[in-house]
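Visitor: The structure under discussion is supplied below as structure tokens; questions concerning it will follow.
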Ligand code: ADP
Ligand code: ASP
Ligand code: MG
């Protein structure tokens with residue numbers, strides 16, 4: 001029996017009952033002969049509540065202090081979980097990200113893991129303990145400051161530890177039975193996916209399926225760590241995410257390996273906003289100046305569109321989407337550089353949503369795009385921006401249209417299940 005890393009999300013440890021339930025589950029894995037490393041998130045919506053609190057104190061808190069505050073959430077849950085396990089008669093030790101050897105760069109609020117040195121975790125395991133690690137946090141290599149990995153970052157902690165400890169699997173326990181063909185909170189007839197390749201999962205995650213964080217899937221692909229996404233509230237087999245489907249990842253023994261689906265699923269994201277730079281001179285270097293300004297402010301953008309140049313004025317508009325949380329920073333940076341770039345005005349719209357259709361089969365099925373647009377048209381949904389990759393097509397619409405659009409596309413591509421199998425066990429969906 002090898003080493004397993006289990007990650008429990010906030011909804012799984014939302015209250016004392018949840019912590020005790022999870023503790024039992026962890027002890028079961030230990031009793032089955034595994035060495036167990038547990039990565040835990042903050043209880044319920046603690047992180048959101050801490051963010052709200054910070055905003056009441058300061059509209060623009062310093063990154064360093066913000067991270068110091070947010071990591072407190074995971075400290076609470078890790079200690080309580082270790083206590084609950086001890087109460088069941090098993091030994092457990094909790095560790096902060098820093099103690100667990102999670103070394104990051106020094107970009108506060110969205111640090112990247114650059115190394116994992118889990119010496120203390122190894123020792124704890126060798127001494128027979130269950131090791132509990134606070135997710136979502138690390139320590140910066142140069143300044144030794146406490147950092148956080150960005151929202152949902154505990155997923156990344158789990159996979160990074162699994163890679164560093166050479167775990168046989170990284171189990172991600174959450175409030176749904178696995179990865180579905182759409183968010184079960186929106187599509188009741190979403191189907192659970194038994195196995196999905198890293199590439200498809202990467203696109204789903206990048207497009208907003210927050211059941212797994214994009215960076216975590218990237219990490220798992222790089223180190224070839226199989227992920228098993230499942231519910232901490234049920235005993236059901238979940239979704240395997242790996243490079244290839246292995247026999248033990250099929251539900252029934254002896255079942256033929258299933259081919260990769262043409263369409264993996266529909267993702268949506270309402271966490272982005274749209275910035276439009278109005279009246280940009282239609283000449284070389286303008287887009288470069290705009291996006292240099294944005295990247296210098298360390299803002300990641302998603303979709304970009306430049307409208308057809310108005311011949312009469314020689315001006316164009318350039319729109320792009322970015323996380324709402326970075327909207328203020330982007331507007332400030334562009335305003336500061338207005339003279340250098342040369343534009344008329346800026347528009348900011350945070351009432352948008354993105355819908356993406358993801359599937360490896362898209363490469364070879366040219367009809368997919370047309371069917372996607374037709375489904376949106378039939379649902380009366382207007383499209384504002386479009387972007388595509390080899391295995392994804394995304395559109396931006398009004399935020400109010402998103403849920404309806406997701407359901408329409410899900411149905412149009414034959415993804416609806418016959419039964420209402422998509423159970424949401426907990427969480428507030430915040
Ligand atoms: P945790 O607290 O365990 O980290 P998250 O809220 O981050 O949980 O992720 C689980 C949630 O992801 C689910 O409750 C569900 O609403 C959402 N979700 C979005 N897309 C999907 C999908 N395709 N499959 C499953 N869940 C999804
Ligand atoms: N607690 C952090 C968050 O809510 C990290 C995580 O849950 O993965 O984003
Ligand atoms: Mg999560």
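Visitor: Which angle between 0 and 90 degrees, to the nearest 10, do you get for helix 46-57 versus the longest principal axis of the chain when only C-alpha atoms count?
Guide: Computed tilt is about 50 degrees.
Visitor: Still on this structure: At a 10 Å Cβ-Cβ cut-off, how would you order 172, 352, 225, 331, fewest neighbours first?
Guide: By the 10 Å Cβ count, ascending, the order reads 331, 352, 225, 172.
Visitor: Cut-off is 10 Å between beta-carbons; in what order do 195, 240 appear when sorted fewest neighbours first?
Guide: Arranged by neighbour count, lowest to highest, 195, 240 become 195, 240.
Visitor: Can you give me the orientation-averaged projected area of the convex hull built on the Cα atoms of segment 303-428, in nm²?
Guide: 11.3 nm²
Visitor: Still on this model: Starting from the eigenvalues of the Cα gyration tensor, five times each then square-rooted, give me the equivalent ellipsoid semi-axes of the chain, largest first, whole Å.
Guide: 38, 28, 18
Visitor: How big is the gap, in Å, between the Cα center of segment 160-206 and the Cα center of segment 1-77?
Guide: The distance from the Cα centre of segment 160-206 to that of segment 1-77 comes to 19 Å.
Visitor: Follow-up question, since we're still on this one. Angle between the Cα long axis of helix 327-336 and the longest principal axis of the chain, 0 to 90 degrees, nearest 10?
Guide: The helix 327-336 is inclined about 40 degrees to the chain.
Visitor: If each DSSP helix of 4+ residues adds -39,500 (n - 2.57) and the sum is divided by the residues in the chain, what number results at 222 nm, nearest 500 deg cm²/dmol?
Guide: Mean residue ellipticity, 222 nm, calculated: -10000 deg cm²/dmol.
Visitor: Then there's this: Measure nothing fancy, just the Cα-based angle from helix 154-164's long axis to the longest principal axis of the chain, in degrees from 0 to 90, nearest 10.
Guide: Its long axis makes an angle of about 60 degrees.
Visitor: What number, in nm² with one decimal, is the all-direction average of the projected area of the convex hull of the alpha-carbon atoms of segment 163-232?
Guide: Details: hull surface 18.5 nm².
Mean orientational projected area (segment 163-232, Cα hull): 4.6 nm².
Visitor: I would also like to ask the following. Ranked highest first by the average count of other Cβ atoms within 10 Å around their residues, in what order do 397-404, 113-120 fall?
Guide: Result, highest mean Cβ count within 10 Å first: 397-404, 113-120.
Visitor: If you don't mind, another one. Could you tell me whether segment 39-128 comes out rounded, prolate or oblate from its Cα gyration tensor? Rule is a ≥ b ≥ c as square roots of the eigenvalues, rounded for a/c under 1.5, then prolate if a/b exceeds b/c, otherwise oblate.
Guide: Note, shape of segment 39-128 comes out oblate.
Each value in this text was obtained by applying a stated rule to the coordinates, not by laboratory testing. Since this is a predicted model, take the numbers as computed values, not measurements. Backbone-built Cβ (ideal geometry, glycine too); neighbour counts: all protein chains shown.
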